[in-house]
Number of protein chains: 2
Amino acid sequence: MPVRVAVDALGGDRGPDEIVAGALASESAALEPVVYGRPGLDTHGLALVEADEEIGMDESPVEAVRAKPGSSLVRAVRAVADGDAQAVVSAGSTGAMLAASLLHLRRLPGVLRPGIAVVLPARRGPSVLIDAGASADARPEQLLQFAHMGALFSEEILGVRDPEVRLLSIGEEAEKGSQLVLEAHELLRESGLRFAGNTESRWLLEGEADVVVTDGFTGNVALKALEGTILTILGSLRSELGASARGKLGGLLIRPAAGRVRTRLDPETYGGAYLLGLRGLVVIAHGSSSRIAIANAIGLAARGVEHDVVARLEERLSAVDRRPDRETADTG
Amino acid sequence: MPVRVAVDALGGDRGPDEIVAGALASESAALEPVVYGRPGLDTHGLALVEADEEIGMDESPVEAVRAKPGSSLVRAVRAVADGDAQAVVSAGSTGAMLAASLLHLRRLPGVLRPGIAVVLPARRGPSVLIDAGASADARPEQLLQFAHMGALFSEEILGVRDPEVRLLSIGEEAEKGSQLVLEAHELLRESGLRFAGNTESRWLLEGEADVVVTDGFTGNVALKALEGTILTILGSLRSELGASARGKLGGLLIRPAAGRVRTRLDPETYGGAYLLGLRGLVVIAHGSSSRIAIANAIGLAARGVEHDVVARLEERLSAVDRRPDRETADTG
């Protein structure tokens with residue numbers, strides 16, 4: 001039986017046809033994409049579930065999800081809750097995907113908040129950054145849960161054995177950082193994870209750790225700083241090269257190498273991010289996703305189903321819950 | 001009378017001779033650098049104040065500053081407090097500079113915490129990021145003060161009239177962000193500054209705003225993400241180009257253009273950052289500063305003295321203090 005992935009055709013800046021093209025490219029004997037889109041959308045033979053409402057990027061997520069139960073985004077998420085699909089992919093509003101997932105899929109037992117796990121294509125190999133923006137404010141206990149989620153992702157999807165976990169801070173020393181980081185550092189030291197201490201954002205694209213843990217505000221700022229810097233530097237190089245004949249010739253010669261750098265380092269290359277901590281597999285794709293990014297995101301969703309990421313995460317988090325916690329031990 | 005700048009020769013990864021070379025390069029009829037370094041240091045004719053203790057990068061800042069009153073770093077800071085110099089520059093430990101400045105220069109009246117203001121060499125022109133790492137935790141009122149400090153910096157040092165201020169967040173919408181950002185957003189809206197709302201880190205190197213306000217943890221993470229990404233992408237490009245004959249030739253041809261991009265976008269280009277909110281002018285240089293960066297940092301310090309940044313900041317912040325604040329207005 002192929003893995004069925006519900007694909008929201010109405011999210012994404014490039015329109016439904018681009019998403020359908022991505023879904024078509026992802027189709028195989030092992031993977032059956034089901035498109036959620038407007039009646040009459042040409043899916044080139046893929047199954048279409050008709051949805052006539054759309055959630056815009058500028059709508060308030062919680063209100064939009066409640067007000068538009070018939071939207072493609074909400075229906076695609078509900079397909080997972082109802083067992084009609086095993087995973088869902090959307091390039092629509094991240095906030096709306098989070099709200100719809102919390103409402104219809106709900107959190108795994110014990111999970112404080114879901115976390116967004118993105119794969120950074122670092123120089124030394126892929127590295128997981130979690131949380132990349134699901135919660136703007138976090139407690140130390142959430143960062144501990146994100147560390148377990150990220151470690152499971154690294155093991156199951158990236159095939160890393162006993163992944164090294166680091167905490168994003170503003171210095172490598174344990175005593176540096178915000179109050180949140182200082183407290184999370186202590187929890188991580190006692191977590192049983194292979195915790196190697198703090199890391200700085202300057203190493204994110206080098207890949208100092210297999211898993212980098214942070215709150216959603218900091219993670220989102222760091223991720224967008226990487227994306228923006230890559231675009232600005234390549235754009236600046238392009239305009240500098242265009243300013244002289246020597247530069248133009250050099251620009252032609254370096255084009256293939258520059259393209260490889262851009263493709264490899266662009267955080268969009270992986271196509272999608274997992275929203276972890278829910279009772280179902282949710283992949284969020286970048287709004288600007290091309291058909292290739294959409295196909296990659298659908299493939300990522302299917303890999304999560306094949307590796308049973310949701311059940312394994314539930315097992316793992318319940319094992320963490322059963323460990324005697326510090327406060328109990330101190331007072332007991 | 002030339003501006004006298006106290007220069008700590010013992011900070012910096014490249015050793016005292018590099019710092020002396022930078023000080024020499026900065027010397028002019030209008031600028032007199034005074035070197036604080038070990039007895040016997042060859043200053044090529046610059047005034048030397050002998051200091052035989054050194055504060056290492058790995059020492060606890062507060063303890064080191066108290067335990068080593070005779071260190072070059074502490075003595076250089078005290079020179080400003082004592083009126084022996086009008087500004088101080090160090091490439092040593094940022095934490096120790098902050099601790100020494102709080103102890104010996106003290107805060108301006110009403111200042112909650114000093115802020116580090118760095119100039120980002122953005123595409124559309126220089127942009128001020130504040131706080132780049134002085135306080136790891138901040139309250140909304142501190143972010144409001146940072147906004148005023150950054151606006152003054154932009155006006156006085158960068159010559160921007162009525163600078164546009166934005167708040168760093170994870171979305172442009174006012175309702176997006178951490179609790180800290182939501183509250184700071186409200187304060188900034190009522191601040192009388194030209195506040196244009198939130199900005200995202202993806203625009204930092206483009207230069208969407210003249211002043212970008214954030215807490216020191218987020219600012220430090222964003223700044224190091226920019227620095228790291230620039231180094232990683234240029235390094236990746238270099239190794240891709242080295243892999244083929246075509247690439248090697250292209251690499252030779254683009255070298256001048258790539259050098260200009262690197263020089264222009266490298267956050268170290270400005271040589272130093274102001275530590276604002278103190279009763280004296282303090283410039284912190286990058287630990288890895290070359291002689292050129294040191295000379296730039298000393299020049300930046302002298303410009304701050306010429307523009308009387310400390311007195312103007314005191315005036316400005318006391319004017320802010322006198323404005324009826326929201327809570328008083330609500331309850332009064």
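Each reported figure results from applying straightforward, stated rules to the coordinates on display, with no laboratory input. Please read these numbers as outputs of a predicted model, since none were measured by experiment. In this analysis, Cβ positions are derived from the backbone assuming ideal geometry, glycine residues included, and neighbour counts consider all displayed protein chains.
In this structure, the amide hydrogen of A:Ser289, modeled 1.01 Å from its nitrogen in the peptide plane, lies closer than 5 angstrom to those of A:Asp13, counting only residues at least 5 positions away or on a different chain. Each label point was placed 7 Å from the Cα along the Cα-to-Cβ direction; for B:Leu103 and A:Ala196 their separation is 3.5 nm. Protection proxy ranking, highest mean first, for peptides B:199-207, A:88-96: A:88-96, B:199-207, where packing is the per-residue count of other beta-carbon atoms within 10 Å, averaged. Between the listed residues B:Leu252, B:Gln86, B:Leu281, the Cα displaced farthest toward the positive end of the dipole of chain B, a dipole computed from Cβ unit charges relative to the Cα centre, is found at B:Leu252. Of the beta bridges in chain A, as assigned by DSSP with both residues counted there, near 35 percent are antiparallel.
Here's how it looks for B:Leu281: its modeled amide H is under 5 Å from those of B:Val88, which are all 5 or more places away or on a different chain.
Using only Cα atoms, what is the ratio of the radius of gyration of chain A to 2.2 N^0.38 Å?
On the way: Rg = 20.6 Å, N = 332, 2.2 N^0.38 = 20.0 Å.
Working it through for chain A, the quotient is 1.03.
Positive end of the dipole of segment A:119-268 (Cβ unit charges, origin at the Cα centre): among A:Pro126, A:Ser236, A:Gly207, the Cα lying farthest that way belongs to A:Ser236.
What average number of partner chain Cβ atoms lie no more than 10 Å from the Cβ of the residues making up B:210-217?
On the way: counts 0, 0, 0, 0, 1, 2, 2, 13.
Mean shielding by partner chains, rounded to a whole number: 2.
For the protein assembly as shown, the tally of Lys pairs with Cα-Cα distances below 27 Å comes to 8, considering only residues 8 or more apart or on different chains. For segment B:56-117, a simple Cβ point-charge model (Lys and Arg +1, Asp and Glu -1, everything else neutral) yields a dipole of about 200 debye relative to the Cα centre.
Placing a label point 7 Å from Cα along the Cα-to-Cβ direction at B:Arg106 gives distances to the equivalent points in the other copies of 6.0 nm, listed shortest first.
Note on segment A:1-71: the C-alpha convex hull projects to 5.1 nm² when averaged across all orientations. Taking amide H atoms as placed 1.01 Å from N in the peptide plane, the amide H of A:Glu164 lies under 5 Å from those of A:Asp210, A:Val211, each 5 or more residues away in sequence or on another chain. All C-alpha pair distances within the protein assembly as shown, sorted into 20 Å bins from zero, spread as 18, 47, 30, 5, 0 percent across the bins.
Averaged over peptide B:31-37, the number of partner chain Cβ atoms lying within 10 Å of each residue's Cβ comes to 0.
Rank-order B:239-246, B:129-136, B:292-299 by packing density, defined as the average count of other C-beta atoms within 10 Å over each peptide's residues, highest first.
Listed from highest to lowest mean packing, they are B:129-136, B:292-299, B:239-246.
For segment B:207-213, the Karplus equation 6.51 cos²θ - 1.76 cosθ + 1.60, evaluated at θ = phi - 60°, returns couplings of x, 5, 10, 6, 9, 10, 9 Hz by residue, with Gly and Pro reported as x.
Counting only other chain Cβ atoms within 10 Å of each residue's Cβ, the peptide B:133-145 averages 2. Evaluated with a Cβ-only charge set (Lys, Arg +1; Asp, Glu -1), segment A:119-268 carries a dipole of roughly 1200 debye about its Cα centre, given to the nearest 20. Comment: the Cα-to-Cβ extended label point of A:Asp13, at 7 Å, lies 3.6 nm from its counterparts in the other copies, nearest first.
Note on segment A:119-268: percent of Cα-Cα distances in each 10 Å bin, starting at 0 and stopping at the bin with the largest distance, equals 11, 38, 27, 14, 9, 2. Sorted from shortest to longest, the distances between the A:Glu50 label points of this copy and the other copies are 9.3 nm, with each point 7 Å from Cα along the line through the beta carbon.
Given Cβ point charges of +1 (Lys, Arg) and -1 (Asp, Glu) and nothing else, what value in debye, to the nearest 20, does the dipole of chain A about its Cα centre take? Write out the running numbers ahead of the final one.
Numbers: 35 positive and 46 negative charges, 189 e Å.
Using Cβ point charges on Lys, Arg, Asp and Glu, chain A gives about 900 debye.
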